[in-house]
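A.B. asks: Supplied in structure tokens, the structure appears directly below.
The values are calculated or read from the model by the stated rules, or taken from the named source; none is laboratory data. These numbers come from a predicted model, not from an experiment. As a convention, Cβ positions derive from the backbone with ideal geometry for all residues, glycine included, and neighbour counts pool all protein chains shown.
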Amino acid sequence: MTTATICTIGDEILIGQIVDTNSSAIARELNKIGVRVNRMISIGDDRQEIISRLKECLEESDIVISTGGLGPTKDDITKDALRELSGAKGYRLSKGQLVIIERILSARGIRMLETNQAQAMVPDTCEVLLNQLGTAPGMAFHDLGPNSSSLYSLPGVPFEAIGLLPTLMNDICDRFRTEDISHRTIVTFGIPESELACEIADIEDSLPSHIHLAYLPNPTVGVRLRFTSFEVHTDFEEQVAQLRERIGDAIYGEGEDTLPIAIGRLLKERKATVAAAESCTGGRISELMTAVAGCSEYYNGSVTSYANSVKTGTLGVNPETIAKHGAVSEECVREMAEGVLRKLGTDFSVATSGIAGPGGGSAEKPVGMAWLAAAHKESDGTVSVTTKCVKFSSNRSVNIERFASNALNLLRLKILQTPCV
């Protein structure tokens, strides 16, 4: 099977200044075309280190893909290291990339400098992968190392690297034998990974030898169940049917679906709208919902009612409710959901009130506790509300993520109870 190593180059990754998202994006695309990633490494901004580590990778893999170190500044030394590694005699001008550089700088009102022009100069041993989104071209070097491997160098800016992936994958498919890999991912929420594994253990144990099941948990998304087969045209229908029968509404989508995407789909089917009233999530639900293109069709907006005065003054929560039960209570979050539904004139609403931490907790209401509510305006004008209390023990940011995702799942289940128009 064709193998690949992915390398990130730059001190900024090693010191944690930026998060490497390029490697995961590249690995996903390689996986789709049947190339197995056997290693991921990060290399600092040291010329000899870059050369020696890339040589090692070329000895181990058929394909090496690096990102980073191709900018216009003096610390961007990858291109010169690749020149030496590939045995280039010198540099040549990529006229195609120079035209792109001129266009980009002109559109930004920036004058062309020598450093910008230098980015269009590439080792004479490489094939240029034109970068339409930035000034640094991608480069391909072939027949390197003892195994005649290929080395691809991409810019480190994530949207530029990702923009070059279709060109890169086409080149790989033209040069290497790729395998037939089938994937199907089912997305679940509401059942913890360990409990889910026990719940479907017999299904997993009965899988044919060519099918593998992986568990991919995420506090915002839930648990993705990914089936993989190295046999041609496996559709996994039998396995998916078994999961749907076993765990039912815990499944909310497939592939890259998220809770906001699934909720949007349900709302559009019902020609319905939704709003949010957020306290402890501080706008995170609104951020997740509005990240979905076309959400204006069903998402009216939100009220971030962090202060009690906003809960009472804007959402209409009874001050006596807070005085008697507190802001973090079933009674309060219920009135928040009802209030935002009326205020923004929607069919559904979701509300949160909790203690994200690190302070503010008590024995009765510890850090990580939240009350969630989902409301629906019935055809007769009455409002039905479903509530739920959740308790987590993570740090503030993770607690907020979990509050938001659990609230969205409560909303999803509420919407599912309403038939389509």
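A.B. asks: Would you say ALA201 is free of Cβ contacts under 8 Å to residues at least 12 places away in the same chain and farther than 20 Å from LYS32 by Cβ?
C.D. replies: On the way: free of Cβ contacts under 8 Å to residues at least 12 places away in the same chain: yes; farther than 20 Å from LYS32 by Cβ: yes.
Answer is yes for this residue.
A.B. asks: How about the range 69-133: which strands (runs of 3 or more DSSP E) wholly inside it have at least 1 residues that are charged (D, E, K, R)?
C.D. replies: On the way: elements: 91-93, 121-123, 127-129.
So the answer is 91-93, 127-129.
A.B. asks: Something else about it: Given the conditions (1) exposed (fewer than 15 other Cβ atoms within 10 Å of the Cβ); (2) more than 23 Å from GLU49 (Cβ to Cβ); (3) modelled with pLDDT of 95 or more, which single one is not true for LEU165?
C.D. replies: All conditions are met except number (1).
A.B. asks: Could you figure out which of (1) free of Cβ contacts under 8 Å to residues at least 40 places away in the same chain; (2) in contact with a Lys or Arg (Cβ under 9 Å, 6 or more places away or on another chain); (3) in the same structural domain as GLY222 (by TED's automatic domain parsing) isn't true of PHE189?
C.D. replies: (1)
A.B. asks: Among the residues of the range 52-62, is any assigned by TED's automatic domain parsing to the domain that holds THR125 and free of Cβ contacts under 8 Å to residues at least 40 places away in the same chain? Don't jump to the end; show me each part of the working.
C.D. replies: First pass over the range 52-62, keeping only residues assigned by TED's automatic domain parsing to the domain that holds THR125: 52-62.
From what's left, free of Cβ contacts under 8 Å to residues at least 40 places away in the same chain: 52, 56.
Within the range 52-62, one or more residues are assigned by TED's automatic domain parsing to the domain that holds THR125 and free of Cβ contacts under 8 Å to residues at least 40 places away in the same chain.
A.B. asks: Let me ask something else about it. How about the range 1-24: which of its residues are surrounded by fewer than 16 Cβ atoms within 10 Å (Cβ to Cβ) and touching a residue at least 12 places away in the same chain (Cβ under 8 Å)?
C.D. replies: Result: MET1, ASP11, LEU14, THR21.
A.B. asks: While we're looking at this one, here's another question. Which of the residues belonging to the range 383-421 are under 20 Å from CYS332 (Cβ atoms), outside any helix (DSSP H, G or I) and of a type in the set (S, T, N, Q)?
C.D. replies: Result: SER384, THR386, THR387.
A.B. asks: Here's something else I'd like to know. Just to check your reading of the model, which residue among ALA374, ALA356 is among the hydrophobic types (A, V, I, L, M, F, W, C), in a loop (DSSP other than H, G, I, E, B), out of contact with any Gly (no Cβ under 6 Å at 6 or more places or on another chain) and surrounded by 15 or more Cβ atoms within 10 Å (Cβ to Cβ)? Walk me through how you get there before you give the answer.
C.D. replies: On the way: ALA374 fails: in a loop (DSSP other than H, G, I, E, B).
After ruling out the rest, the residue left standing is ALA356.
A.B. asks: Would you confirm, using the coordinates I've provided, whether ASP143 is acidic (Asp, Glu) and in contact (Cβ under 8 Å) with a residue 40 or more places away in the chain? Steps first, please.
C.D. replies: Working: acidic (Asp, Glu): yes; in contact (Cβ under 8 Å) with a residue 40 or more places away in the chain: no.
Answer is no for this residue.
A.B. asks: Are any residues in the range 383-419 more than 29 Å from the chain's Cα centre (by Cα) and modelled with pLDDT under 95, and if so, which ones?
C.D. replies: Within the range 383-419, THR418, PRO419 meet the criteria.
A.B. asks: Tell me whether the range 231-246 contains one or more residues that are surrounded by fewer than 22 Cβ atoms within 10 Å (Cβ to Cβ), on the phi > 0 side of the Ramachandran plot and assigned by TED's automatic domain parsing to the domain that holds SER209.
C.D. replies: Yes: one or more hits.
A.B. asks: Scan the range 80-124 for residues that are within 36 Å of the chain's Cα centre (by Cα), closer than 29 Å to ARG53 by Cβ and not hydrophobic (A, V, I, L, M, F, W, C) and jot them down.
C.D. replies: ASP80, ARG83, SER86, SER94, GLN97, THR115, ASN116, GLN119, PRO123 - these are the residues of the range 80-124 that are within 36 Å of the chain's Cα centre (by Cα), closer than 29 Å to ARG53 by Cβ and not hydrophobic (A, V, I, L, M, F, W, C).
A.B. asks: Same structure, new question: Conditions first: (1) part of a helix (DSSP H, G or I); (2) free of Cβ contacts under 8 Å to residues at least 60 places away in the same chain; (3) within 13 Å of CYS280 (Cα to Cα); (4) not small (Gly, Ala, Ser). ARG342 passes all but one, so which condition is the exception?
C.D. replies: (3)
A.B. asks: Sticking with this one: Checking the condition surrounded by fewer than 18 Cβ atoms within 10 Å (Cβ to Cβ) and either of a type in the set (Val, Ile, Thr) or closer than 30 Å to ILE51 by Cα (or both), which residue from ARG226, ARG175 passes? I'd like the intermediate steps shown before the answer.
C.D. replies: Numbers: ARG226 fails: either of a type in the set (Val, Ile, Thr) or closer than 30 Å to ILE51 by Cα (or both).
The conditions single out ARG175.
A.B. asks: Considering only the range 119-160, state which residues are of a type in the set (A, V, I, L, M, F, W, C) and closer than 18 Å to THR3 by Cβ.
C.D. replies: Going through the range 119-160, the residues of a type in the set (A, V, I, L, M, F, W, C) turn out to be 120-122, 126, 128-130, 133, 136, 139-141, 144, 151, 154, 157, 159.
ALA140, PHE141, LEU144, LEU151, listed by residue number.
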